[in-house]
Structure formats: C-alpha cells, structure tokens
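Notes for the one structure printed next.
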Amino acid sequence: MNEPINNGTIELIDGVRRIYCDGYWIKVYDPPADSLQSKKQLIQALTRRLFNHVEHGINIPGKRLDEARRAYETEHDPARKRVKGAMFAGALFNRATDIFTKLVELQEQGIEIDTDNALMRECGFCLQEALSLGKLVLHRSGEEGIDELWGEPFRAFSIPVEAFYESRIIKIAQTLRDIDRLGAVMTATIGLVPMYDGIQSAINHFTRAAKLKCETLRTDPDIFDVWSDFVVAAEELAAFSPAPLHSLNADARQLGSDGQRLLLQGRDLVSYITRARVPMPKSTREFIERCETFSARAHMQGQPLLASPAPY
C-alpha cells in the first residue's frame, strides 16, 4: 500500500514545484522577503482584493469613517441600514489598512511599534468592528459574503510573510475541493439527462481550467495561457445547448430550460470561488440543493435516476 503523504510535502512534478495539501498538489511559489516593504505591499494588495470581490459602493475612504458611522447609526429602514452598514464596514476596513500602512512606514524609519501601541489598538478595534459588520456585506453576486477576506490584512501584519503565504495554501486546497465537488454535482445531475448528453466533457474542461487558474498567481508567466483557457472553457460551457426542445412535451421543455439555468448558475459559482480563491459554503450548499431538486424532477419525468451528491 502507498504511504500516506504528509501535508506540506514539496515535490517537483512534471517540472513544476508543488506542495501537497489535503489531497491536492498545488503549485508553490517562493514568498517575497519578509521585509516591511513586502508587508506594506501585501496589505495594500489584500485591501484591493477585498473590494474587488464585494458589492459595489462600499469602498469608503477611512477618513470618512465618522460620516459612515453616523449614516449607519441614524438609518431606520432595514434594507437601507444593511447597505449603510456595509459602507461603514468598508470605511472601518480602510481605516485599519491606512493605519497598518503608516505603521510599516514608521518601522521603516527605525521607529519601534509595540503591540500595545495606541494606533495598534485602534487598528484592532476597526478590524473587529468591520468583521462584525461583514455579515452585512454581500459578494458581488448578491449572495453570501466572504468572511475570509476581512481578517487577512491583520494576519499579514502580525505574522511573517512566509507564514501568511503558507496559510493561503490551505484555503486554495479547500477551494479546489469545492470546484471538484461542484463539477461532480453538475455532472451527476444535468449531465445524466439525455437532452444534455455530451455536457460532461465541457464540465470537466471547465473545472480543470478553474483549478489551474485558482493555483496560479497573476504574476506567473503562465497566467496568459491559464486565464484565457479558463475564460474560453467558461464560454464553451455557457454556449452548450441541449437537444432540440421543440419536439418534447411541455414538462420536458421546462426541464431543459431549468437545466440550462442551473448550468449557468454552476458556472458562475465556480467562477466566483476560483477568482476569490476561497470557498463560498452557503452558495455551494444552496446550489447543491437546487441540483437535488432538479434530479428529483428529472426522475419523476422518467429520466434516469441521478446520483445524489453527498451532504455538504
């Protein structure tokens, strides 16, 4: 029997240096030097990363924090209060990263910053409050939020750069797991309905391209091929048409339309988590539930019995 592979094992596979984590061999990169400049650049990149994946309009400058707080606290309409709470969270996040950046600049000048420094405490308070409001902030899809992104600047500041990059490998492995899971669910539902015969290869192509994109940094020379392959695979999946529906009865035509909608939802969800490089458990669970409903309807209409996905 093969010996189990320990997490953290690094090997050269087909000329690519990879690290093993929870069942996946993930492309590994050398982290930047653990310098103050590297930390500042990392914190700034993580700030851009957060606002790139959340709903529009919440990237409020930290200097407007007091305005954002008043707007949130004085709002009484629940729907408007949620949005203003998201804007307040954005201002808090920006204030925290503003402080982090300035602290790093002070350290570059040789000024020691103790962990109990007043600015450090203020930064911690801002991040804690932002995290508590993070549940009000939605992903750009309008579905769940991504809590993982809110605490990353604090971790980047408080631990060595190498340790931060090592922790990201775990999240990438979790994301690869969910990409595989979503691909399997789509294949086991939509792919087994006769009118969607042939979709399996398109799903497999898309999930392979998504996993490769997930593990590849934008600074990698391969990103031009990796990103274009991912986009093309997503386009091909969306362009797949079921067998002509005009010859089918009304129930079968409705099933075909619902399958097409489900296929697009699955493609979008895989794309979201691939770009964010973190799982979206609520959205994944709800998509799987929709797939299970689709399977039950297909079976009732005389389609083949579809495999039920394992519980999330």
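Between residue 235 and residue 114, what is the spin-label point distance in nm, taking each point 7 Å from the Cα along the Cα→C-beta axis?
6.0 nm
Please tell me the relative contact order of region 116-198 in percent, rounded to the nearest whole number, where contacts are Cα pairs under 8 Å and at least six residues apart. Could you put the intermediate results ahead of the total?
Values: 26 pairs, mean separation 12.9, N = 83.
In percent, rounded to a whole number, it is 16.
For region 1-139, go through all pairs of different Cα atoms, get the mean of 1/r, take its inverse, and jot down that Kirkwood value in Å. Mind dumping the intermediate values first?
Working: mean 1/r = 0.0560 Å⁻¹.
In region 1-139 this quantity evaluates to 17.8 Å.
Just to confirm the number: angle between the C-alpha axis of helix 161-189 and the first principal axis of the chain, 0 to 90 degrees, nearest 10?
20 degrees
Using just the helices of the chain, give the 222 nm mean residue ellipticity in deg cm²/dmol: DSSP H runs with n ≥ 4 each add -39,500 (n - 2.57), and the total is spread over all residues, rounded to 500. The partial results should precede the final answer.
Values: 10 runs with 191 residues, N = 312.
Only helices count here, giving -21000 deg cm²/dmol.
What's the local net charge at residue 183, with K and R +1, D and E -1, over the other residues with C-beta under 13 Å away? Numbers along the way, then the final one.
Numbers: positive: 177, 181, 208, 211, 267; negative: 178, 180.
Residues close to residue 183 contribute a combined charge of +3.
In terms of the Cα gyration tensor, with a ≥ b ≥ c the square roots of its eigenvalues, is the chain rounded because a/c is under 1.5, prolate because a/b exceeds b/c, or oblate? Before the final figure, lay out the partial values.
Details: a/c = 2.71, a/b = 1.53, b/c = 1.77.
Because a/c hits 1.5 or more and a/b fails to exceed b/c, the chain counts as oblate.
Subtracting the Cα-Cα distance from 0.36 nm times the residue separation, let me have the gained length for residue 12 to residue 52 in nm, one decimal. Can you show the working numbers first?
Values: separation 40, 0.36 × 40 = 14.40 nm, distance 3.31 nm.
In short, 11.1 nm is gained.
Assuming a viscosity of 1.567 mPa s and a temperature of 4 °C, what translational diffusion coefficient in µm² per second does Stokes-Einstein assign to region 70-130, Rh being the Kirkwood radius over Cα pairs?
Details: Rh = 12.9 Å.
Diffusion coefficient, whole number: 101 µm²/s.
Measure off 7 Å from each Cα along the Cα-to-Cβ vector at residue 286 and residue 45, then give the distance between these two points in nanometres to one decimal.
The answer from the label model is 3.2 nm.
Would you please report the Å³ per residue occupied by the convex hull of the alpha carbon atoms in region 5-85? Don't jump to the answer; show the numbers that get you there.
Numbers: hull volume 14.3 nm³, N = 81.
Output value, Cα hull per residue: 177 Å³.
Would you calculate the separation in nanometres between label points at residue 208 and residue 227, each defined as 7 Å from the Cα along the Cα-to-beta-carbon direction?
Rounded to a tenth, the inter-label distance reads 2.3 nm.
Taken together, the values in this text are just the output of simple stated rules run on the coordinates, not laboratory data. Since the structure is predicted, the reported quantities are computational estimates derived from the model, not experimental observations. Counting neighbours? That spans all protein chains shown, and the Cβs are built from the backbone with ideal geometry, glycine included.
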